[in-house]
Structure formats: C-alpha cells, structure tokens
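The values are calculated or read from the model by the stated rules, or taken from the named source; none is laboratory data. What you are looking at is a predicted structure, and each value in this text was computed from that prediction instead of being measured. Glycine gets a Cβ as well: all are built from the backbone with ideal geometry, and neighbour counts include every protein chain shown. These accessible areas exclude ligands, DNA and RNA; they are computed on the full protein's heavy atoms, side chains included. Shrake-Rupley method; radii C 1.70, N 1.55, O 1.52, S 1.80 Å.
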Amino acid sequence: MQVLNYHEREVPAAASVVGALVDTLASDNDRLWPKGWPAMRFDRPLGVGAVGGHGPIPYTVEEYRPGQMVKFRFLGPRGFDGHHWFEVLPKGEHCTILRHTIRMRAHGPALLSWPIAIRPLQDALLEDALALAQASAGATPIVQPWSLWVKVLRWLMSRGRAPRQSTPNPAVDWTACKLRLQVPSAFGSGRPSP
C-alpha cells in the first residue's frame, strides 16, 4: 500500500525563524517536538547519518539542509519502506509554511499497524508539533483536539500514564499570515505592513 501523508501549517514568521525551530529537533532545546510524546532522539546531533527515532519508530537522517529541510529514512517498524521529512517553505517575507510529509510503501504487518494505530498517533503528534511551532514563533497556535481513538491508544500504550493534550502558549500574539494591514499610498509604500 502506498502512503502519502502530510500535515502543514502557516507560521507568521520568516523562513529563517521557522527553519531555526526545525534545527532544534532532538536537541536539549527542542522547540518543535511536543512534550508528552515519545521524544525524538539520535545517537549524535541532528545531521546526515544520525540514527535514532521516536517511540517504536526508528529512522536515520538521510538529508539535512539546516534551516530548510531534514529528511529521515525509516529503519522500522517492519513493513515501513520510505521516508518522512520536515520542510520549511517561504510564503512571503513574514509567513512560512512548515510541512511534514510521510511517503512510504507499507507492506506486511504495516498493512494493519499503520491504519489502526501508527497513523492516528502520528497524525496527532504532528498536529501538536505544528501547533508548538506556531507558539514558538509567537503566534496563537491552532490546536487539533485528539480523537477518542488517539486517547485510547495513548492510554493503552502508556498503561494509563500518558499525559493529556496541552495547548502551547505563544510568546507574543502575532497577526496571522493571511492578514496584512494595507497602508494607503499617501502614508507609505502601499505594500502590506509586517
């Protein structure tokens, strides 16, 4: 089964700011990976060849362009053949799209584990990560509530000890990417203000 799964979010910040968030992945100062989920860890700092993963999902860093993209190749679980990656896509001077993509071929046991457990958990984790990215950039985060199934899976996997979903607090409440004040030409350039 071919799998293409992506999540993205507009972040009202320059690409350099959002790229810096991606560069903190798996570090002591990780500002992208949400708390309350199995931590992303590697055997060395984020870079090509680093081996690690999160929870039961092992992978290695296959490509890394600081501030722009990090691409991982799945090493497991059995039946996961492919990649997942974060990419930073500038949408304007003060707006950036942060996207996570999974592209893989699921076979064998993954034909069941992906749709029943891993995909719902991965979707919830990524939505939490994107909300954290918005908050880390100073925006009010868009939080997608966990489904009942995700709550059940987390409870089962943690033997009842999984923390509840939390909402990250923004450092500063910025104007959304799509909203820009138009300044009349008599008062300025007529271009949208930051």
Boolean, P77 is more than 22 Å from F42 (Cα to Cα) and surrounded by fewer than 20 Cβ atoms within 10 Å (Cβ to Cβ): no
A137 being of a type outside the set (S, T, N, Q) and closer than 23 Å to V11 by Cα: yes
Qualifying residue in segment 69-77 (condition: assigned to a strand (DSSP E or B) and among the aromatic types (F, W, Y)): yes
Test: residue in segment 62-71 that is crowded, with 19+ Cβ neighbours inside 10 Å and under 28 Å from R164 (Cα atoms): no
Hits in segment 24-38 (condition: open to solvent by 40 Å² or more (accessible area, probe 1.4 Å) and either over 12 Å from the mean Cα position of the chain (by Cα) or among the hydroxyl-bearing types (S, T, Y) (or both)): S27, D28, N29, K35, P38
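Can you tell me how many residues within segment 128-142 are under 14 Å from the mean Cα position of the chain (by Cα) and either closer than 17 Å to G53 by Cβ or open to solvent by 30 Å² or more (accessible area, probe 1.4 Å) (or both)?
Within segment 128-142, residues that are under 14 Å from the mean Cα position of the chain (by Cα) and either closer than 17 Å to G53 by Cβ or open to solvent by 30 Å² or more (accessible area, probe 1.4 Å) (or both) number 4.
Which one of these is in contact (Cβ under 8 Å) with a residue 24 or more places away in the chain, at negative phi, β-branched (V, I, T) and touching a helix residue (DSSP H, G or I) at 6+ places or on another chain (Cβ under 8 Å): I97, I57? Let's see the steps before the verdict.
On the way: I97 fails: touching a helix residue (DSSP H, G or I) at 6+ places or on another chain (Cβ under 8 Å).
That would be I57, the only listed residue that is in contact (Cβ under 8 Å) with a residue 24 or more places away in the chain, at negative phi, β-branched (V, I, T) and touching a helix residue (DSSP H, G or I) at 6+ places or on another chain (Cβ under 8 Å).
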Those residues of segment 83-98 which are under 25 Å from P45 (Cβ atoms) and crowded, with 17+ Cβ neighbours inside 10 Å, in sequence order: H84, W85, F86, E87, V88, T96, L98
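The rows are residues; the columns are (1) at pLDDT 50 or above; (2) among the hydrophobic types (A, V, I, L, M, F, W, C).
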residue: E127; (1), (2): yes, no
residue: Q134; (1), (2): yes, no
residue: S147; (1), (2): yes, no
residue: F187; (1), (2): no, yes
residue: S193; (1), (2): no, no
Only one of P109, P120, P145 that is of a type outside the set (A, V, I, L, M), surrounded by fewer than 21 Cβ atoms within 10 Å (Cβ to Cβ) and touching a Ser or Thr at 6+ places or on another chain (Cβ under 9 Å): P120
Residues located in segment 1-36, provided they are part of a loop (DSSP other than H, G, I, E, B) and in contact (Cβ under 8 Å) with a residue 60 or more places away in the chain: M1, P12, A13, A14, L25, R31, L32, W33, P34, K35, G36
Index of the failed condition, R180 passing every other in (1) open to solvent by less than 90 Å² (accessible area, probe 1.4 Å); (2) at pLDDT 95 or above; (3) not in a helix (DSSP H, G or I): (2)
